[in-house]
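Taking it in order: structure first as structure tokens, then the write-up.
The values are calculated or read from the model by the stated rules, or taken from the named source; none is laboratory data. These numbers come from a predicted model, not from an experiment. We place every Cβ from the backbone using ideal geometry, glycine too, and count neighbours over all the protein chains shown.
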Amino acid sequence: MKKILILLFSILFLSSPYVKAETVFYCQSEFATGFNFSVENGSWGPAEFELLRWTIKFNDSYSKLYGLDDPLHPYFCSPAYTHTPNLLACLSGYKNGQSFMFNKVNNRFLFNSSDIRGYVDNSPDTDSIYVGTCSKF
């Protein structure tokens with residue numbers, strides 16, 4: 001019995017560095033703006049939006065972002081430029097135009113919640129942009 005316990009402990013101890021870690025952030029928007037369609041006058045115009053909060057999670061390589069859409073459609077992330085590896089551009093898995101820009105050094109973000117069915121399609125969906133900062137859990 002002792003040999004089995006030692007074997008199990010050894011396996012768990014040796015494999016622990018290979019366990020994938022996730023990085024969780026609590027994000028708070030500080031500004032929100034965008035465009036909406038006014039049914040009353042039939043035109044588009046600037047609009048203010050309520051400040052929002054999100055709990056987001058990056059996988060260990062910062063290539064996937066969860067928490068903005070459903071878990072089956074993460075945002076796919078990559079460095080914006082080769083010379084700026086800490087600046088991430090994340091695109092929605094729905095391929096609907098939504099994006100999340102993130103700075104891994106100062107934890108600032110820009111969340112573009114625009115949708116292809118908004119202004120571009122002249123549909124009543126609103127297009128909004130949120131900016132703010134995130135804190136690690």
Would you be able to tell me the number of residues in the range 24-59 that are under 14 Å from the mean Cα position of the chain (by Cα), in a loop (DSSP other than H, G, I, E, B) and either of a type in the set (A, V, I, L, M) or surrounded by fewer than 12 Cβ atoms within 10 Å (Cβ to Cβ) (or both)?
1
Condition check: in contact with a strand residue (DSSP E or B) (Cβ under 8 Å, 6 or more places away or on another chain) and either among the aliphatic types (A, V, I, L, M) or under 27 Å from Glu22 (Cβ atoms) (or both). Does Leu72 satisfy that?
no
Right, Gly118: touching a strand residue (DSSP E or B) at 6+ places or on another chain (Cβ under 9 Å) and without any contact (Cβ under 8 Å) to a residue 60 or more places away in the chain or not?
no
Looking only at the range 69-91, count how many residues are within 23 Å of Ser135 (Cβ to Cβ) and either modelled with pLDDT under 95 or part of a strand (DSSP E or B) (or both).
13
